[in-house]
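The structure under discussion appears below in the form of structure tokens.
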Amino acid sequence: KKIDLLRTGLYRLKQELVPGDVVNLVTFSDTASTQAENLQMPEANPTLNTQIEGLRPSGGTNLNAGLQEGYRIARKYYQPDKT
């Protein structure tokens, strides 16, 4: 299933994160929703695991709404010394 591939990818990404990394998670279907905001690694691990396991496919695919919300969150927490 596609959702299983997504979870696998997110868990692999999570393994690459180092202390001090920040995670924001935005989901989208018909609309976009911020699931996790400004999570600091490694303290964020339990919260991020819960969010990943809670992902469910639903509705449509409003990619634009997801990108807009993702960029909004990225600008909110922008730090020039991080990528």
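The values are calculated or read from the model by the stated rules, or taken from the named source; none is laboratory data. These figures come from a predicted structure and were not determined experimentally. With ideal geometry, Cβ positions are generated from the backbone for all residues, glycine too; neighbour counts draw on all protein chains shown. Please note that ligands, DNA and RNA were not included when accessible areas were found on the heavy atoms of the full protein model with its side chains. Shrake-Rupley method; radii C 1.70, N 1.55, O 1.52, S 1.80 Å.
Listing for the model above:
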quantity: Surface per residue (accessible, 1.4 Å probe) for the chain, Å²; calculated: 72
quantity: Cleavage-rule hits, trypsin sites (Lys or Arg not before Pro), the chain, DSSP coil, Cβ neighbours within 10 Å at most 13; calculated: 1, 82
quantity: Segment 1-45: GluC sites (Glu not before Pro) falling in loop per DSSP and having at most 12 other Cβ within 10 Å; calculated: 43
quantity: Within the accessible area of the chain (1.4 Å probe), percent carbon and sulfur; calculated: 53
quantity: nm² value of the averaged projected area, convex hull over the Cα atoms of the chain; calculated: 5.5
quantity: Under 16 Å from residue 2, Cα to Cα: lysines that are on another chain or at least 8 residues apart; calculated: none
quantity: Cα-centre dipole for the chain with unit charges at Cβ (Lys and Arg positive, Asp and Glu negative), debye to 20; calculated: 200
quantity: Straight-distance crosslink candidates among aspartates and glutamates, where the alpha carbon sits under 14 Å from residue 76 and sequence neighbours closer than 8 are dropped; calculated: 37
quantity: All aspartates and glutamates inside 18 Å of residue 1 as judged from Cα atoms, apart from same-chain residues fewer than 8 positions distant; calculated: 53
quantity: Residue of 51, 15, 68 that the Gaussian network model of the chain assigns the largest fluctuation, springs spanning Cα pairs under 10 Å; calculated: 15
